[in-house]
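Reviewing the structure listed below.
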Amino acid sequence: PTAGRRGRARSEAEILAVAEEVFATYGLHGATTAKIAERAGIPKANIHYYFSTKEALYLRVLKDILEEWLSAAAFDAKDSARPALEAYIRAKLHYSRVRPQASKVWANEILNGAPLIRAHLEERLLAWVDAKAAIIQGWIDRGELAPVDPRHLLFTIWATTQHYSDFATQITILLRKEALEDADFEQAAQLLTQMVLGGLAKPLQSCS
């Protein structure tokens, strides 16, 4: 039974990875389970064994994307603002580097009014943002950050980090490159960290 569960999880993960690429390329309406099955090299029936409809598969892809992004903000109330925000910026850039199609799928859904993910946003994401905003407000109250709206700070981090996946084609053209490299993401991380922390975060106080 354990081996069977592992096999099922692996099969689901493989379908989800391919589906993410197809949805990023064609959107929900242009994608088909036949295209996903063809690209995955499996019978179409295998997809419907795990996911009853294309919409169910699409929604699962969206939820998985969101959960991975939320896990990037590993900070809590006991953490200090400067290292926590730097780690968050770098984690979000890492996902733009290794999973660029995810951001494109998400952007398409949101640009279309979030028809399938709206209810999840109003529950899961809203509660998460409330919790993280409270932590950021705590940093502000403790004098670690300049007074800003915590939610707009989160929005700014999302916008700048996800730009490197959503607009990768434009960036590579302007950088005269075929593809973005690790060095490009490191430069972006240093710049974004300097912009956010240089403008908002106060230096850590010495314990001596």
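Of (1) touching a residue at least 60 places away in the same chain (Cβ under 8 Å); (2) surrounded by 16 or more Cβ atoms within 10 Å (Cβ to Cβ); (3) of a type outside the set (D, E, K, R), I36 satisfies all except one. Which?
So the condition that I36 fails would be (1).
Please work out if G143 is assigned to a loop (DSSP other than H, G, I, E, B), of a type in the set (G, A, S) and over 22 Å from L200 (Cβ atoms). Explain how you work it out, then say what you get.
Numbers: assigned to a loop (DSSP other than H, G, I, E, B): yes; of a type in the set (G, A, S): yes; over 22 Å from L200 (Cβ atoms): no.
In short, no.
I'm checking my understanding of the structure. Among residues of region 118-141 that are among the basic types (K, R) and surrounded by 15 or more Cβ atoms within 10 Å (Cβ to Cβ), which one is nearest to T156 (Cα to Cα)?
Step one: filter region 118-141 for residues among the basic types (K, R), giving 118, 124, 132.
From what's left, surrounded by 15 or more Cβ atoms within 10 Å (Cβ to Cβ): 124, 132.
Numbers: R124: 20, K132: 14 Å.
Among them, the one singled out is K132.
Would you kindly identify the helices (runs of 4 or more DSSP H) lying entirely within region 1-96 that contain at least 3 residues that are among the aliphatic types (A, V, I, L, M), in contact with a Phe, Trp or Tyr (Cβ under 7 Å, 6 or more places away or on another chain) and at pLDDT 95 or above?
Values: elements: 2-30, 33-40, 44-50, 54-72.
The qualifying helices (runs of 4 or more DSSP H) are 54-72.
For F155, all conditions in the list (1) surrounded by fewer than 18 Cβ atoms within 10 Å (Cβ to Cβ); (2) under 20 Å from I36 (Cα atoms) hold save one; what is the number of the exception?
(2)
Which ones in region 39-48 are open to solvent by 20 Å² or more (accessible area, probe 1.4 Å) and not polar (S, T, N, Q)?
Our first condition is that a residue be open to solvent by 20 Å² or more (accessible area, probe 1.4 Å); within region 39-48, this holds for 39-46, 48.
Answer for region 39-48, where residues must be open to solvent by 20 Å² or more (accessible area, probe 1.4 Å) and not polar (S, T, N, Q): R39, A40, G41, I42, P43, K44, A45, H48.
Kindly indicate whether K104 is of a type outside the set (F, W, Y), open to solvent by 70 Å² or more (accessible area, probe 1.4 Å), closer than 20 Å to Q162 by Cα and part of a helix (DSSP H, G or I). Before you say what the answer is, go through the steps one by one.
Values: of a type outside the set (F, W, Y): yes; open to solvent by 70 Å² or more (accessible area, probe 1.4 Å): no; closer than 20 Å to Q162 by Cα: yes; part of a helix (DSSP H, G or I): yes.
It is false that K104 is of a type outside the set (F, W, Y), open to solvent by 70 Å² or more (accessible area, probe 1.4 Å), closer than 20 Å to Q162 by Cα and part of a helix (DSSP H, G or I).
Among the residues of region 101-141 satisfying the criterion of being touching a residue at least 12 places away in the same chain (Cβ under 8 Å) and of a type in the set (K, R), which is farthest from V61 (Cα to Cα)?
Restricting to residues being touching a residue at least 12 places away in the same chain (Cβ under 8 Å) and of a type in the set (K, R), the top hit is K132.
Hey, could you check region 85-94 for residues that are open to solvent by 10 Å² or more (accessible area, probe 1.4 Å) and in contact (Cβ under 8 Å) with a residue 40 or more places away in the chain and say which is farthest from I135 (Cα to Cα)?
Looking at the filtered set, the residue picked out is H94.
Any idea how many residues of region 107-129 are more than 19 Å from E20 (Cβ to Cβ) and either in contact with a Phe, Trp or Tyr (Cβ under 7 Å, 6 or more places away or on another chain) or part of a loop (DSSP other than H, G, I, E, B) (or both)?
Number satisfying all stated conditions: 1.
Among what's in region 49-79 and is over 30 Å from Q137 (Cβ atoms) and in contact with a helix residue (DSSP H, G or I) (Cβ under 7 Å, 6 or more places away or on another chain), pick the residue that is surrounded by the fewest Cβ atoms within 10 Å (Cβ to Cβ). Even if it seems obvious, please write down each step before you answer.
First, the residues of region 49-79 that are over 30 Å from Q137 (Cβ atoms): 49-61.
If we keep only those that are in contact with a helix residue (DSSP H, G or I) (Cβ under 7 Å, 6 or more places away or on another chain) too, we end up with 50-51, 54, 57-58, 60-61.
Numbers: Y50: 14, F51: 21, K54: 20, L57: 25, Y58: 22, R60: 16, V61: 26.
The selected residue is Y50.
The values are calculated or read from the model by the stated rules, or taken from the named source; none is laboratory data. This is a predicted model, so every value here is computed, not measured. We place every Cβ from the backbone using ideal geometry, glycine too, and count neighbours over all the protein chains shown. Just so you know, the surface numbers come from the protein's heavy atoms only, side chains and all, with ligands and any DNA or RNA stripped out. Shrake-Rupley method; radii C 1.70, N 1.55, O 1.52, S 1.80 Å.
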